[in-house]
Amino acid sequence: MSQEGDQEGSDRKKYEFRKVIEDLNNFEGSGTQLVTIYVPEDRQISDVVAHVTQEHSEAANIKSKQTRTNVQDALTSIKDRLRYYDNFPPEKGMVLFSGAVDSGGGQTEMVTRVLESPPQPVESFRYHCDSDFLTDPLEYMLEDHGLYGLIVLDRREANVGWLKGKRIEPVKSASSLVPGKQRKGGQSAQRFARLRLEAIDNFYQEVAGMANDLFVPKRHELDGVLVGGPSPTKDEFLDGDYLHHEIQDTVLGKFDVSYTDESGLKDLVDNAGEALADAEVMKDKTQMERFFKELHSGELATYGFEQTRTNLVMGSVENLLISEDLRKDVVTFDCGDCGNTDYELIDRRKATPSHSCSECGSDVEATEDDREDAIEHLINIAEQRGTETKFISTDFEKGEQLYNAFGGVAGILRYNTGV
């Protein structure tokens, strides 16, 4: 699969996770009876079952009969779900949610959800029982963006590593043989200066070699490189073109960092916060700038749900642009009198409306089966037509405009359709 395809699949999966998390956050239990279990990929399922069994036994001590029953029912439901797995969870682990949630009128409803292979690996086993499901770790994963190379150096040492989402991973380090500024006796000042410059050059080459070995194989996935250290070290390093040219071109900036050990990598990320935010949102800005260019002076822009959907079905959309904040359902109305099909976008929280056929005016009723998430509806069509989907943040002006002025849906066309 291409890099674009991988990213598109990742974006879709993140959206699906985000939707489930939003649903989970709307659930409430009347007591501490909603169970959440985070399971890393290296945790044996048998160990998880044993833990759930132990918790079920201990829940017998809960004084409230209703809470005791609900907790034990939730744990039984989780145990039943675990039977579908062999020895270990799926790649990156999984998260299980189960509990009796308030359904109104003093009634409760048992819900159980299993999220497999989250955007980032589940790092540790965690059992949680409360009045709300524990979704904070998943939300944190969804906020993670990008793969960045990190380099911190001075003339004494250097460290190279990754920023993967919000996780900093030190990988390689080196110490230099650069002599201090004071020359030893018997050496001319000129010879000492030359030897010192050679040692500095050799060290910079060694650091670049480490960085190139690490970053070049990932250059097509790399969102940028950050370089930190004191002046003039980082300036000399970058100005000397020591890095591979493809890596040099991805450098987002150089930043003052006091330490060049592993803690310096964290300082580098902290000091580069603005550049990282700009780099992430720049991808969205590039897409929106292209859309607005076509909107104002070209013929390859479409917007609004109905027009964009029509162009999608025709296979004319190259890039489908969807606002990350779009929370709508689409209802399909099939007219039994004339055979026409209409689509209506409605608020997710509202009931399915009645509808008059746009062709013959007949009243058309739709059931809940005729209703689906608008984003999934559009993405399914896009995948069938080879259209790339891009979720657009509202964290910048044109992203807000996509949501507020264009209904959260737009597209860049392969060719003009006149629609």
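The values are calculated or read from the model by the stated rules, or taken from the named source; none is laboratory data. Note that this is a predicted model, so its numbers are computed, not measured. Here the Cβ is made from the backbone with ideal geometry for all residues, glycine too, and neighbour counts use every protein chain on show. Please note that ligands, DNA and RNA were not included when accessible areas were found on the heavy atoms of the full protein model with its side chains. Shrake-Rupley method; radii C 1.70, N 1.55, O 1.52, S 1.80 Å.
Numbers for the structure displayed
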| quantity | calculated |
| --- | --- |
| Subset of the stretch 357-415 that is open to solvent by 70 Å² or more (accessible area, probe 1.4 Å) and within 20 Å of the chain's Cα centre (by Cα) - its residue that is modelled with the lowest pLDDT | 395 |
| Residues of the stretch 330-380 satisfying the condition of being within 30 Å of residue 11 (Cα to Cα), of a type outside the set (A, V, I, L, M, F, W, C) and not in a strand (DSSP E or B) | 348, 349, 350, 352, 367, 368, 369, 370, 376, 377, 380 |
| Answer from 124, 103 - the residue that is part of a loop (DSSP other than H, G, I, E, B), polar (S, T, N, Q), open to solvent by 20 Å² or more (accessible area, probe 1.4 Å) and modelled with pLDDT under 95 | 124 |
| Residue in the stretch 87-105 that is without any contact (Cβ under 8 Å) to a residue 60 or more places away in the chain and among the aromatic types (Phe, Trp, Tyr) present | yes |
| Residues being within 28 Å of the chain's Cα centre (by Cα) and free of Cβ contacts under 8 Å to residues at least 40 places away in the same chain - total across the stretch 214-244 | 3 |
| Single unsatisfied condition, residue 188 versus (1) open to solvent by 20 Å² or more (accessible area, probe 1.4 Å); (2) among the hydroxyl-bearing types (Ser, Thr, Tyr); (3) touching a strand residue (DSSP E or B) at 6+ places or on another chain (Cβ under 7 Å) | (3) |
| Residues of the stretch 43-84 satisfying the condition of being in a helix (DSSP H, G or I), β-branched (Val, Ile, Thr) and crowded, with 18+ Cβ neighbours inside 10 Å | 48, 52, 67, 71, 78 |
| Count of residues meeting criterion [among the β-branched types (Val, Ile, Thr) and touching an Asp or Glu at 6+ places or on another chain (Cβ under 8 Å)] in the stretch 72-119 | 2 |
